[in-house]
Amino acid sequence: MPSTQTVSRQRSLGGILGVLVLASALSYHFFPRMFHVDPVEIAQRRAALPGAGPAVVTSTTNAAALRIANELEAGPPLIMASTRVIAERRAAARDADLPEQKSADTPQVEAVLKRADQALDEGDLVGQPGSAATLFAQALKDKPDSRRAARGLYDVRTRLVVATEQALALGIAEDVASRLAELKSLPDSASDVARLQGRLATLQKVGPMLARAAALLQQGRAERPVGDNALEIYRQVQQLDPSNVVAQQGVQQVQRVALDRALAAVAQNNYEAADKALAEAATIEPNTPQWLDVHQRVGDLRRQRALGILAQARSALDSGNQALAQQLAKQADVISPQVQGLQDFEDRLVNARLYASYKPGQVFSDRYVDMPGQTPPMVVIPTGSFSMGAPSGESDSSEAELPQHLVTLAKGIAISRTAITVAQFREFVRASGYRPDSLKLGGASVYDERSGSMRDASGASWQDDYAGHRADDALPVVNVSWNDAKAYSDWLSQRTGLRYRLPSEAEFEYALRAGTTSRYWWGDGVPRSKVENLTGARDRSPSGRRWSHAFKDYADGYWGTAPVMSFQANPFGLYDINGNVSAWTYDCWHDNYNLAPRDGSAWVNPGCRLRVIRGGSWGSSPTQERSAYRQGADGNLRSGRVGIRIVREL
C-alpha cells in the first residue's frame with residue numbers, strides 16, 4: 001500500500017490549479033497582512049456597513065468596506081484551512097485526556113519520536129513503516145505512558161479527520177473513502193469513522209441534487225418556477241447537509257440573479273420592480289454583503305434621479321408654475337423618499353401657496369381702498385412649529401408658562417415690523433373718530449421719576465409717552481387698552497378689505513423666538529450688543545436712578561421708550577419685539593397651558609376680562625424679558641409700558 005505522502009502527491013497533480021486558488025484564499029483568510037490587509041481595519045469597515053451600528057461613513061468608504069466584506073465572506077470556511085492549523089485549534093482539550101507519564105522517555109524512544117515528528121510535519125501520516133502513525137505507535141509500545149507519543153498519535157488521527165472533512169466539504173467522494181480507510185487503521189477512531197461515513201452517505205445522496213441545481217441555474221431557473229428551480233434544490237441540500245459549501249455558494253448565486261434584476265430595473269427607472277427584486281433577494285439570504293452592496297447602489301441611483309427631478313421642480317416653482325412643481329416634487333419623493341433637499345423644497349412650495357406673491361421675510365404695506373394712506377409695514381413670518389412655553393429647568397419660570405408644548409403655525413401671517421407708533425395711532429383716531437379708553441375712562445399708569453415706580457395719572461392719554469409727557473410721533477404708542485388695540489386692527493381691516501387683527505399669544509411667542517430655543521431670542525445671557533431697549537445696569541434715569549434688577553454691564557442709552565427701529569431686528573426681521581414696549585394679544589388669560597390650542601390660534605373664552613400681554617418692555621426685569629414670559633391684565637389697563645402690535649392674515 002503506498003504511503004499517505006505518495007497518495008497526496010498523486011492527487012495534487014490532478015488539482016494543482018484548485019490547490020493554488022485554495023492556498024491563496026487560505027493565506028488571505030488567516031494571514032491577511034501578507035496581502036497588505038489590516039484585519040483591524042477590515043473589522044472597523046465592516047462595522048460601518050449599513051445596519052451594523054451608528055457609524056457614519058462616506059459612500060466611498062461604504063463601497064470599500066462592502067468590497068472587503070464580500071471578499072472575506074466569499075472566502076473558504078475554517079474547515080478549508082490547512083490540516084495542521086485546524087488540528088492545533090482542536091487540540092485544546094487533548095492533553096487532559098493523555099495518560100500521566102511516570103518517567104522520562106528513553107533515548108531510544110526519543111529517537112523514534114523525532115522521526116515520527118518529522119513524518120508528521122511532512123504529511124506522511126499512515127501506511128508505510130516510516131509513517132507518523134507507525135512510529136508513534138512503536139514509541140507507545142516501547143513506553144506505554146509516553147505523553148509525547150500519545151499526543152502525536154492523537155494529532156495524526158485529528159489530521160486525518162480534518163482531511164476527510166475537507167474532502168467532504170469539496171464533495172470529493174473518492175478522497176473521503178480513501179481517507180476513511182486510513183482512519184480505520186488508527187486506534188480510537190471508531191466514532192469518527194462512523195460519523196464521517198454518515199456524512200459520506202449524505203454526500204453521495206446530494207451529489208446528483210447539486211448537479212441538477214447547477215443545470216437549472218444555467219438554464220435561468222434560479223428561483224422560478226415554483227417546484228422546479230435551483231434555489232429549492234440548494235435548500236434541500238442544506239437541510240440534508242447544513243455545512244455543504246457548494247449549496248451555500250449556490251444560494252448566493254441565486255441571490256445574485258435577483259440582485260441583477262434589481263440593478264436592471266433601476267437602470268430602466270422601474271423602481272417598483274427594483275424594490276421587489278431587492279425584497280426577493282433579501283428573503284433568499286438577508287443582509288449579505290452582496291445584498292447590502294446592491295441595496296446601496298440602487299439607493300444611490302434613485303437619489304441621483306430624484307435630485308434631477310427636484311431641480312426641475314425648483315425651476316417650475318421659480319417660474320410660478322406651482323402645480324407642475326408639486327407634481328415633480330411628488331415624483332422625486334416616490335423615487336427616493338426624503339431625498340436631500342426635498343423637505344426644504346416642500347417648505348418653499350407651502351410658503352408659495354400660503355403667501356401668494358410674498359416670501360417669508362418680505363416687508364410690505366397694504367394701501368387703503370377708500371382713502372389715502374397705507375398700513376404700517378408688515379413682515380411675512382414663515383410657517384412652522386415651535387415649543388411654546390418655558391423648558392423644564394429654566395430658571396425663574398412659573399407654572400403659568402407650563403407645560404411646554406408643540407405648536408404648529410400652518411397659516412401664513414404677517415406681523416407689523418415695529419410696535420404701532422403714536423403717528424400711526426393718531427391717523428386712526430382722526431380718521432375714525434374713535435375715542436380711546438385713556439380719554440373715555442380717564443388716565444393711565446405712567447412712570448414717576450420721583451418715586452421710581454409706575455403711578456396712576458388721571459390726565460395721561462395715548463398721546464403721552466411712558467412718563468406722561470407729550471410723545472413724539474416715532475415713539476411707540478402706549479397708555480392704550482386692549483379695546484383700543486382691537487379697535488385699531490379692526491379699522492385697518494375696514495380700510496384695506498383684508499383681515500387685520502391682534503396676534504394670538506402663540507403667534508407672538510413664535511415671532512419673538514424667531515426659530516430660537518434660548519432664554520432670549522439673542523441668547524441665554526446679557527446681550528453683547530444693543531439688541532433691544534432693555535433694563536441695563538449702566539442705564540440712568542434723568543435724575544440718576546438705577547434699575548434694581550437689570551442686565552449686568554448693559555446700556556442702551558434710553559430710560560423709557562425709544563423711537564421704533566432704534567435697535568436690532570430679531571431673526572424674523574421684527575424690531576423691538578422683546579423690548580421697548582410690551583403688546584396686547586388676542587387671548588384671554590389662563591393660569592397654564594394644559595388645554596392650550598396647538599395650532600397657533602388664540603385661546604378665547606366669551607366675556608373674559610383678563611387678556612394676555614407678551615414681550616418685554618423698557619422697564620422689564622431680565623426675568624420678564626424671557627421669551628416664555630407671559631402676564632395677564634385687565635383689558636381696560638392703560639400703561640406706559642404696554643403698546644400695540646398687529647397681524648395680517650395671508
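The values are calculated or read from the model by the stated rules, or taken from the named source; none is laboratory data. All figures in this text were calculated on a predicted structure; none of them were measured in a lab. All Cβ positions, glycine included, derive from the backbone under ideal geometry; neighbour counts span all protein chains shown. The accessibility values were calculated without ligands, DNA or RNA, using every heavy atom of the protein model including side chains. Shrake-Rupley method; radii C 1.70, N 1.55, O 1.52, S 1.80 Å.
Can you name the residue in the range 186-204 that is open to solvent by 80 Å² or more (accessible area, probe 1.4 Å) and either in contact with a strand residue (DSSP E or B) (Cβ under 8 Å, 6 or more places away or on another chain) or in contact (Cβ under 8 Å) with a residue 24 or more places away in the chain (or both) and, of all such residues, is nearest to Ile172 (Cα to Cα)? Only one residue tops the list, namely Gln204. Scan the range 466-491 residue by residue and report those that are touching a residue at least 24 places away in the same chain (Cβ under 8 Å), open to solvent by 20 Å² or more (accessible area, probe 1.4 Å) and of a type in the set (Asp, Glu). Within the range 466-491, Asp472, Asp473 qualify. If the condition is being modelled with pLDDT of 85 or more and either among the charged types (D, E, K, R) or open to solvent by 100 Å² or more (accessible area, probe 1.4 Å) (or both), then the range 337-353 contributes Gln340, Asp344, Glu346. Of Leu210, Leu217, Leu186, all but one fail to be modelled with pLDDT of 90 or more and closer than 30 Å to Ala132 by Cβ; the exception is Leu186. Looking only at the range 361-401, how many residues end up being in contact (Cβ under 8 Å) with a residue 60 or more places away in the chain and open to solvent by 50 Å² or more (accessible area, probe 1.4 Å)? Selection size over the range 361-401: 8. Filtering the range 417-426 for residues that are surrounded by 15 or more Cβ atoms within 10 Å (Cβ to Cβ) and under 41 Å from the mean Cα position of the chain (by Cα) leaves a non-empty set. Does any residue of the range 165-173 turn out to be touching a Ser or Thr at 6+ places or on another chain (Cβ under 7 Å), more than 14 Å from Ser82 (Cβ to Cβ) and open to solvent by 30 Å² or more (accessible area, probe 1.4 Å)? No, the range 165-173 contains no residue that is touching a Ser or Thr at 6+ places or on another chain (Cβ under 7 Å), more than 14 Å from Ser82 (Cβ to Cβ) and open to solvent by 30 Å² or more (accessible area, probe 1.4 Å). Checked against (1) surrounded by fewer than 18 Cβ atoms within 10 Å (Cβ to Cβ); (2) modelled with pLDDT of 90 or more; (3) in a loop (DSSP other than H, G, I, E, B), Ser243 meets all criteria but (2).
Of everything in the range 515-548 that is hydroxyl-bearing (Ser, Thr, Tyr) and in contact (Cβ under 8 Å) with a residue 40 or more places away in the chain, the residue that is most open to solvent (accessible area, probe 1.4 Å) is Thr517.
For the range 102-116, name all the residues that are in contact with a helix residue (DSSP H, G or I) (Cβ under 7 Å, 6 or more places away or on another chain), assigned to a helix (DSSP H, G or I) and open to solvent by less than 80 Å² (accessible area, probe 1.4 Å).
Let us first name the residues in the range 102-116 that are in contact with a helix residue (DSSP H, G or I) (Cβ under 7 Å, 6 or more places away or on another chain), namely 105, 108-109, 112-113, 115-116.
From the residues that got through so far, the ones that are assigned to a helix (DSSP H, G or I) too are 108-109, 112-113, 115-116.
Correct list: Val109, Val112, Leu113, Ala116.
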